[in-house]
Amino acid sequence: MFEWSELITFLIATVILNLTPGSDVLFVATQSIGSGLKGGVSGALGVSFGCLFHVFAVAFGLAELLTYYPLAFIAVKFAGAAYLFFLAYQSLKSGTLDFDHVQSSRLNIKTTFFRGALTNILNPKVALFFLAFLPQFIHAERGSFIHQTFFLGAIFIISGTLVNLAYAVIFCYARDLLKRSQTFQKYLGKITACVFGVLAFKLIFAENKT
């Protein structure tokens, strides 16, 4: 269905895009440092689930609504910003973090997964990115638009998942180093809140452009 040269080009572009630090990497970093490897991994998988949602949205034309209906774009981005502000508030309220007593229960893993998925789903810029990026490699003469979208989307998500899992491991090791710093433990909640706050403001000022 696809020529190998074009698939290789797509894969290279995908890896480069996924390696570029962005909001997903910041999210995985905060979860890895705050909750350890399980938190980082569950956060990375949640982000990937959010990307899967956007692939479905592109395949079935839902993502185009954000382009043609500015109010839909505004509604989604403010919902996403509100959720990020909520996460910032929770992080700020948590105060000092004791690394030795961080819970890694199934409930916390599910919560981190849900947070990763929701922060990604409620980011309309991600939807517009997929809407602009994937169709560049889709051609009508090669068959179903939906099938091609899912195939390319799967490659992108697998690549992104592997990259984010690598980031989770890296920041987990950084966490082990930071455990020695009482000051960092004291202010981790504030630092995490600032990260979520910056992401929220960045989303608020995002423009409806592909």
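Descriptive notes on the structure:
- Sorting the segments 7-19, 32-44 by their mean number of nearby beta carbons within 10 angstrom, highest to lowest, gives 32-44, 7-19.
- Computed E for Ile16/Tyr68 - FRET, C-beta separation, R0 30 angstrom, nearest 0.05: 0.50
- A Gaussian network model of the chain, with springs between Cα atoms under 10 Å, assigns the largest mean-square fluctuation among Gln148, Gln90, Gln136 to Gln136.
- Rounded to 0.05, the FRET efficiency of the Tyr187 and Lys110 pair, given R0 = 35 Å and the Cβ-Cβ distance, is 0.80.
- Relative contact order computed over the chain (Cα-Cα under 8 Å; 6+ residues apart), in percent: 41
- Residues of the chain were split at every exposed loop site, defined as GluC sites (Glu not before Pro) in a DSSP loop with at most 15 other C-beta atoms within 10 angstrom, and the longest piece left, sites excluded, is 4-206.
- Ordering of 166-173, 22-29 by burial proxy (mean other Cβ atoms within 10 Å per residue, highest first): 22-29, 166-173
- Ordered by 1.4 Å accessible area with all protein chains kept, Arg115, Arg175 run largest first as Arg115, Arg175.
- Lys-Lys pairs in the chain that are eight or more residues apart or on separate chains and whose Cα atoms lie under 19 Å of each other come to 11.
- Of the DSSP H helices in the chain, those that are both long (alpha-carbon extent of 15 Å or more along the helix axis) and hydrophobic (Kyte-Doolittle mean at least 0.0) are 4-19, 23-59, 70-94, 106-121, 145-178, 182-204.
- Potential extension, His139-Ala75 segment - 0.36 nm per residue separation minus Cα distance: 19.8 nm
- Net charge contributed by nearby residues that have their C-beta within less than 13 Å of Asn123 (K/R +1, D/E -1): +3
The values are calculated or read from the model by the stated rules, or taken from the named source; none is laboratory data. Note that the structure is predicted; figures quoted are calculated from it, not measured. Please note: Cβ atoms are built from the backbone with ideal geometry, for glycine as well, and neighbour counts cover all protein chains shown. What goes into the accessible areas is simple: the full protein's heavy atoms, side chains included, and nothing from ligands, DNA or RNA. Shrake-Rupley method; radii C 1.70, N 1.55, O 1.52, S 1.80 Å.
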